[in-house]
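Here's the structure, in structure tokens; my notes come after.
The values are calculated or read from the model by the stated rules, or taken from the named source; none is laboratory data. From a predicted model like this one, the values you see are computed outputs, not experimental measurements. No Cβ is skipped: glycine too gets one built from the backbone with ideal geometry, and neighbour counts run over all protein chains shown.
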Amino acid sequence: MNVKIDPMSNIPFYQQLTQQLLFEIARGNLQNGDSLPSIRDLAAKTNLNLHTVHKSYKELQKKGIIDIKPSS
């Protein structure tokens, strides 16, 4: 999974991350049943705050795209 955040963009970081995760799903790089990286791992990889990644995951959960299961 290749996620890049543009710090110069006017789009908030969590929205950029959400859009890129949706793009990865649309491309077939993430499929039903695949596990996303943990919030900590993705935050470290993208140099984002944990809360930013969590907000993105919550947005995807609200849209019914992912299920969040603590500690899994």
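Considering only residues in region 16-30 that are without any contact (Cβ under 8 Å) to a residue 24 or more places away in the chain and in a helix (DSSP H, G or I), the one that is surrounded by the fewest Cβ atoms within 10 Å (Cβ to Cβ) turns out to be Ala26. Within the set Ser9, Ser71, the sole residue that is of a type outside the set (A, V, I, L, M, F, W, C) and at pLDDT 95 or above turns out to be Ser9.
How many of the residues making up region 31-48 are touching a residue at least 24 places away in the same chain (Cβ under 8 Å) and within 19 Å of Asp6 (Cα to Cα)?
Total satisfying the criteria: 5.
Could you tell me which residue of region 31-54 is surrounded by the most Cβ atoms within 10 Å (Cβ to Cβ), considering only residues that are within 15 Å of Asp67 (Cα to Cα) and among the aliphatic types (A, V, I, L, M)? Checking each candidate, the answer is Val53. Considered as a group, the residues in region 55-64 that are within 11 Å of the chain's Cα centre (by Cα) and not basic (Lys, Arg) include one that is surrounded by the most Cβ atoms within 10 Å (Cβ to Cβ), and that residue is Ser56. The combined condition, being over 13 Å from the mean Cα position of the chain (by Cα) and in a loop (DSSP other than H, G, I, E, B), is not fulfilled by Asp67. Looking only at residues in region 1-15 that are in contact (Cβ under 8 Å) with a residue 12 or more places away in the chain and touching a helix residue (DSSP H, G or I) at 6+ places or on another chain (Cβ under 7 Å), the one that is surrounded by the fewest Cβ atoms within 10 Å (Cβ to Cβ) is Met1. If I ask for residues that are under 22 Å from Asp34 (Cβ atoms) and part of a loop (DSSP other than H, G, I, E, B), which ones from region 1-15 would you list? Scanning region 1-15 gives Met1, Asn2, Val3, Lys4, Ile5.
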